[in-house]
Amino acid sequence: VGNVASHTVTGLTMGQVYYYRVQAQNSAGTSGNSETIATRTLAMPLLDNPPPTQINQTTATLGATVTSPGGAPLTARGTVWGLSPDPTGNVAAAVGTATGSFSHARTELPAGTLIHYRGYADNHLGRGYSEGGTFWTIPANPTAAPATAIASAGFTANWSASTGADSYLLDVSPSSSFSPCLPGYDNRVVGKVTSLALFGLTPGVTYHYRVRAQNGAGTSGNSAVIA
């Protein structure tokens, strides 16, 4: 390497431990080896993301665990989400730039939607992402519609579909407080439908109904009450 006291080595692998040693020479010959020095090249951050928590209609807590091979300091960390795999948009930064685990609340998610998400971290070499994952948000509250097919002993309850709902829960009661509900119509699972015909009711009685949407993430709030 010439009569120098340092030399730049290029073409190495990021995050890899390398060892070096040196000998001195002149016209008389070559010395023995110096001591061996170990050094790790810097690398982009590596991340792993845990499952999201506190999932609601438009919110969830997302996070990741960050390591930085070679000890390169982080300049940013956070999460991203989107509607397709390997998202890079909807970037939000977490507080701090330390390695290790972090989490933060994302409050702008669409209700009843399959969300793709992953963590990210930056250092001077670039941005690293976690492998990523998916989760559903809870559906939006359905909108109840006026009853139809009203007869002396029955009617059809109606409501609008909520995006991402797998089924609906129906309450029916002669009381606006839903205490008590009709037998069999307290939190009744009616499937993925937007109407249900009721029979065997008492003529001349005012009945009230409300509905909720549900999927694997949880159950929405109540619709408005229809009398």
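The values are calculated or read from the model by the stated rules, or taken from the named source; none is laboratory data. On a predicted model such as this, the values are computed, not experimentally measured, just so you know. Note that we place each Cβ from the backbone using ideal geometry, even for glycine, and neighbour counts take in every protein chain shown. Quick note on the areas: whole protein, heavy atoms, side chains included, nothing else; ligands and nucleic acids left out. Shrake-Rupley method; radii C 1.70, N 1.55, O 1.52, S 1.80 Å.
Mind checking which residues of the range 60-74 are more than 9 Å from the chain's Cα centre (by Cα), modelled with pLDDT of 95 or more and open to solvent by 20 Å² or more (accessible area, probe 1.4 Å)?
Thr65
Kindly establish whether Ala161 is more than 37 Å from the chain's Cα centre (by Cα) and either under 15 Å from Ser195 (Cβ atoms) or free of Cβ contacts under 8 Å to residues at least 12 places away in the same chain (or both).
Against the criterion (more than 37 Å from the chain's Cα centre (by Cα) and either under 15 Å from Ser195 (Cβ atoms) or free of Cβ contacts under 8 Å to residues at least 12 places away in the same chain (or both)), Ala161 does not qualify.
From the set of residues in the range 134-158 that are touching a Leu at 6+ places or on another chain (Cβ under 8 Å) and open to solvent by 40 Å² or more (accessible area, probe 1.4 Å), which is nearest to Phe199 (Cα to Cα)?
From the range 134-158, those touching a Leu at 6+ places or on another chain (Cβ under 8 Å) are 134-137, 153-157; that's our starting set.
Right, trim to open to solvent by 40 Å² or more (accessible area, probe 1.4 Å) and you get 134, 136.
Numbers: Thr134: 42, Trp136: 35 Å.
For the range 134-158, the residue satisfying everything is Trp136.
On the given criteria, is Gly128 in contact with a Lys or Arg (Cβ under 6 Å, 6 or more places away or on another chain), more than 27 Å from Ser220 (Cα to Cα), outside any loop (DSSP other than H, G, I, E, B) and modelled with pLDDT under 95?
no
Condition test on Pro146, is it modelled with pLDDT of 95 or more, over 19 Å from Ala76 (Cβ atoms) and assigned to a loop (DSSP other than H, G, I, E, B)? Lay out the reasoning, then the answer.
Details: modelled with pLDDT of 95 or more: yes; over 19 Å from Ala76 (Cβ atoms): yes; assigned to a loop (DSSP other than H, G, I, E, B): no.
The answer is no for Pro146.
Does the range 188-227 hold any residues that are part of a loop (DSSP other than H, G, I, E, B) and over 20 Å from Gly112 (Cα atoms), and which are they?
Across the range 188-227, the qualifying residues are Phe199, Gly200, Leu201, Thr202, Pro203, Gly204, Val205, Thr206, Tyr207, Val225, Ala227.
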